[in-house]
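First the structure, in the form of structure tokens, and then the observations on it.
The values are calculated or read from the model by the stated rules, or taken from the named source; none is laboratory data. Bear in mind that the values here come from a model prediction, so they are computed numbers and not experimental data. When we count neighbours, we look across all protein chains shown, and the Cβ atoms used for this are built from the backbone with ideal geometry, even at glycine. The area values use the complete protein model at the heavy-atom level, side chains included, leaving out ligands, DNA and RNA. Shrake-Rupley method; radii C 1.70, N 1.55, O 1.52, S 1.80 Å.
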Amino acid sequence: MKRFSVILFLFFFVQLSAQKANNNFPQPTQSQLQWHEMEFYLFTHFGPNTFTDKEWGTGNETEDAFNPTQLDCKQWCRVAKEAGAKGIIITAKHHDGFCLWPSKYSTHTVRESKWKNGKGDVLKELSDACKEYGLKFGVYISPWDRNHPKYGTAEYNDVFINMMKELFSNYGPITELWWDGANGEGPNGKKQAYDWHRFERTVHELSPNTVVFSDIGPDIRWVGNENGIAGKTNWNLLDTAGFSRGLGAPPNDTLREGNVNGKNWIPAECDVSIRPGWFYHANEDEKVKSAEQLFDLYLKSVGRGANLLLNVPPDRRGLINEKDAASLIGFKKLRDENFKNNLLKRAMEIDKSHKSLDGKTEIVRMLILKEPIKINCLVLKEPIQNGQLIKNVDIILSNHGTEQKKISITTIGRKRIISFPTEEVSEISFIITHAKAKPQFGEIAGYLMDEKLIEQERFLWTSDRI
Ligand code: FUL
């Protein structure tokens with residue numbers, strides 16, 4: 001018996017190792033996997049621009065400009081929680097160089113302002129509030145600094161490193177660090193040669209679990225636009241050799257779709273603002289995106305395997321404005337209502353995988369329902385801890401054996417939400433037609449969403465059957 005167990009163990013061990021050896025494709029780190037699970041979180045652009053009505057401050061603004069009358073980071077957290085956001089990333093320092101914490105390495109900070117008589121610290125308030133509310137805390141720090149006198153000299157690299165040390169030592173844990181690619185001249189009219197390698201090394205040493213965002217990672221990439229939209233084809237992979245941050249970044253459509261054979265796991269994050277601008281402007285109060293518009297962005301970001309970083313800029317009081325809060329809560333309600341009832345939960349699943357004519361195994365999963373149902377949305381997942389392998393999937397919707405619709409999609413990734421005009425179906429087949437290695441389907445769900453929310457996407461309708 002004992003001998004038998006050993007043989008059995010060895011058999012499974014060999015099988016497992018064989019499976020691992022079959023797949024040498026890039027895979028996410030634990031921190032990246034945890035980041036993927038966050039799906040949706042808030043961005044808060046806050047600083048002198050909030051008070052001067054600018055988007056890009058010059059760096060010459062007086063520190064006294066920054067003076068929120070009722071700053072309450074717990075209110076930000078309450079709104080984030082109610083909206084189902086998993087964290088908040090704050091602009092600790094935007095291009096104007098003003099630090100929302102009393103940095104020892106600058107004289108352009110909250111300490112020099114009259115807010116709280118120079119004793120205030122927005123980062124402390126927000127990092128404490130995030131801990132209290134169980135939200136992840138992230139920090140945006142602009143390398144470009146239009147105020148710092150050292151900008152444009154080698155010493156500025158030390159300043160930037162020292163500032164990051166302050167952030168990690170006093171406000172951690174920091175889940176995500178955001179390096180903006182925008183870059184121009186400093187107060188002396190000089191440009192900066194950034195020591196990116198040192199910056200990356202420093203973050204890694206100080207906080208190995210922090211994921212670092214920039215145009216090209218190292219951990220998370222920009223999606224190539226500020227509209228909140230990922231590619232329908234979206235690889236979590238990117239080739240970075242020969243590219244740099246800012247103007248030297250890969251073309252925007254490469255950032256949007258990733259590289260099919262990319263060497264590094266660098267998934268896309270979709271940053272977009274709930275208002276036209278990144279900072280609060282009272283004259284944009286009527287231009288806050290509606291709950292429905294946010295839902296549409298969710299389908300085009302999270303629904304394409306990316307994460308959604310939604311900017312909700314606090315107003316001059318230092319509060320998330322009522323209009324933004326109302327849209328956010330409406331957005332949560334739409335997600336809850338439309339993804340409440342998984343119509344495929346009780347479907348019978350049949351594995352119909354078979355060898356195709358060219359000898360390859362075609363992975364086919366068929367779901368059979370007891371009664372025909374009306375459906376207009378499918379949610380597919382791929383177990384990305386093994387890498388992203390699926391290249392193409394055909395979905396056949398049928399009713400009592402008669403094909404109603406064929407939908408061909410490309411990548412799945414962590415999550416793919418596919419919406420289409422409502423159909424009545426009793427069977428759905430999912431066929432992986434192209435993959436890099438032996439792929440797997442994760443969980444499959446189906447919903448009948450409110451018709452008004454469905455973008456009438458154009459799919460590739462073809463008549464050929466399997
Ligand atoms: C851009 C910046 O220039 C904008 O002001 C904003 O911070 C956006 C998120 O990134 O590069």
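Among the criteria (1) at positive phi; (2) surrounded by fewer than 16 Cβ atoms within 10 Å (Cβ to Cβ), the one T62 does not fulfil is (1).
Could you go through segment 120-142 and let me know if any residue there is more than 21 Å from P314 (Cα to Cα) and either modelled with pLDDT of 95 or more or not in a loop (DSSP other than H, G, I, E, B) (or both). Within segment 120-142 (the criterion being more than 21 Å from P314 (Cα to Cα) and either modelled with pLDDT of 95 or more or not in a loop (DSSP other than H, G, I, E, B) (or both)), the answer is no, since none of the residues qualifies. Counting the residues of segment 347-381 that are modelled with pLDDT of 95 or more, open to solvent by 80 Å² or more (accessible area, probe 1.4 Å) and within 25 Å of G303 (Cβ to Cβ) gives 1. When the test is whether a residue is surrounded by fewer than 17 Cβ atoms within 10 Å (Cβ to Cβ) and touching a residue at least 24 places away in the same chain (Cβ under 8 Å), N227 passes it. For G152, state whether it is more than 15 Å from T44 (Cα to Cα), within 16 Å of the ligand (Cβ to nearest atom) and either in contact with a Ser or Thr (Cβ under 6 Å, 6 or more places away or on another chain) or among the small types (G, A, S) (or both). No. Of everything in segment 269-287 that is within 19 Å of P48 (Cα to Cα) and away from the ligand (no atom under 15 Å from the Cβ), the residue that is most open to solvent (accessible area, probe 1.4 Å) is N283. Entry remark, segment 41-72: residues being closer than 30 Å to R335 by Cα and within 16 Å of the ligand (Cβ to nearest atom) number 6 in total.
So that you can scan it fast, the table gives a plain yes or no per residue for (1) assigned by TED's automatic domain parsing to the domain that holds A282; (2) within 30 Å of G47 (Cβ to Cβ); (3) under 33 Å from the mean Cα position of the chain (by Cα):
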site: D324; (1), (2), (3): no, yes, yes
site: R335; (1), (2), (3): no, no, yes
site: L367; (1), (2), (3): no, no, yes
site: I373; (1), (2), (3): no, no, yes
site: V379; (1), (2), (3): no, no, yes
site: P383; (1), (2), (3): no, no, yes
site: T402; (1), (2), (3): no, no, no
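Give the residue that is modelled with the highest pLDDT, with candidates limited to residues of segment 155-186 that are within 16 Å of the ligand (Cβ to nearest atom) and not in a strand (DSSP E or B). Top of the filtered list is W179. Taking segment 107-142 as the range and being among the hydroxyl-bearing types (S, T, Y), away from the ligand (no atom under 16 Å from the Cβ) and either in contact with a Ser or Thr (Cβ under 6 Å, 6 or more places away or on another chain) or open to solvent by 10 Å² or more (accessible area, probe 1.4 Å) (or both) as the test, the residues that pass are T107, T109, Y133. Annotation note: Cβ proximity below 7 Å between a residue of segment 47-72 that is within 18 Å of R275 (Cβ to Cβ) and a residue that is among the polar types (S, T, N, Q) (sequence gap 6+ or interchain) occurs for G47/T91; F51/N67; E55/N49; G57/N49.
Could you grab me the full set of residues in segment 201-215 that are small (G, A, S) and assigned to a loop (DSSP other than H, G, I, E, B)?
S207
Looking at this structure, is N209 surrounded by 20 or more Cβ atoms within 10 Å (Cβ to Cβ) and in contact with a Ser or Thr (Cβ under 7 Å, 6 or more places away or on another chain)? The answer is no for N209.
Being surrounded by fewer than 16 Cβ atoms within 10 Å (Cβ to Cβ), within 14 Å of the chain's Cα centre (by Cα) and over 30 Å from N170 (Cα atoms) is not true of N252. Remark: D64 falls outside the filter, which requires a residue to be farther than 26 Å from N162 by Cα and either at pLDDT below 95 or not aromatic (F, W, Y) (or both). Residues of segment 300-334 that are hydroxyl-bearing (S, T, Y) and in a helix (DSSP H, G or I): S327 alone.
Considering segment 416-458, the residues that are among the basic types (K, R) and either under 12 Å from I395 (Cβ atoms) or in contact with an Asp or Glu (Cβ under 8 Å, 6 or more places away or on another chain) (or both) include one that is surrounded by the most Cβ atoms within 10 Å (Cβ to Cβ), namely R416. Apart from one condition, G189 fits all of (1) within 16 Å of the ligand (Cβ to nearest atom); (2) over 25 Å from D271 (Cα atoms); (3) surrounded by fewer than 18 Cβ atoms within 10 Å (Cβ to Cβ); the exception is (1).
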